[in-house]
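Quick note: the coordinates plus some simple rules give every number you see, no bench work behind them. Here the structure is a predicted model, which is why all the values come from computation and not from measurement. Cβ coordinates were reconstructed from backbone atoms using ideal geometry, including for glycine residues, and neighbour counts include every protein chain displayed.
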Amino acid sequence: MKKLLYCLMLISVLMLTCTVAVAEGELPTEPFTWAYLATIAGATVATVLIVQLLKLPMDRVWKIPTRIIVFLIAAIVLLLATYFTQGLTWDNALLTLLNAVIVALAAMGAYELSFAKLEHKG
C-alpha cells in the first residue's frame, strides 16, 4: 500500500511540474532534454527524483543535511544543462548558481507537499 501511495505522489509531483512547464511556455515532448533541464521546472523534477534516489544511502553513510544535498544536486543539474545548451561562462555560471537556490527551494517544497506527508502517516 505504501509503494502505491509513493507512486501516486511521484506521479502527482511530475504532473504538477508539467503544469508549471506549460505555464512557462515549454511543454516537454521527451522525458528529459538538456533544454528542459535548463528550466526551473525541469531542474526541479530532476532534483526531486535524484535526491529521493540518493537520500537513504547517503543518510546511512554520511550525516549530511538533506538541504545541502538538494542544493548541490540542483546546482549540478543546472550547471550541466547550461553547459550543454548555452555554454558555461563565469557570468551565466553565477546566475545558474542563483537559480539553483530557486530550484532547491522548489524541490524541497515539492517534497513537503508529497513525500513528507506520507512519511508522517507511516
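Observations on the structure shown:
- Taking residues in the range 34-60 that are touching a residue at least 40 places away in the same chain (Cβ under 8 Å), and partners anywhere that are among the aromatic types (Phe, Trp, Tyr), the pairs with Cβ atoms closer than 6 Å and at least 6 places apart or on different chains are Trp34/Phe84.
- In the range 50-79, the qualifying residues are those that are of a type in the set (A, V, I, L, M, F, W, C) and not in a helix (DSSP H, G or I), and the one that is surrounded by the fewest Cβ atoms within 10 Å (Cβ to Cβ) is Trp62.
- Unique match (being over 21 Å from Ala110 (Cα atoms) and buried (at least 16 other Cβ atoms within 10 Å of the Cβ)) among Thr82, Thr47: Thr82
- Count of the range 74-92 residues which are within 15 Å of the chain's Cα centre (by Cα) and either small (Gly, Ala, Ser) or at positive phi (or both): 3
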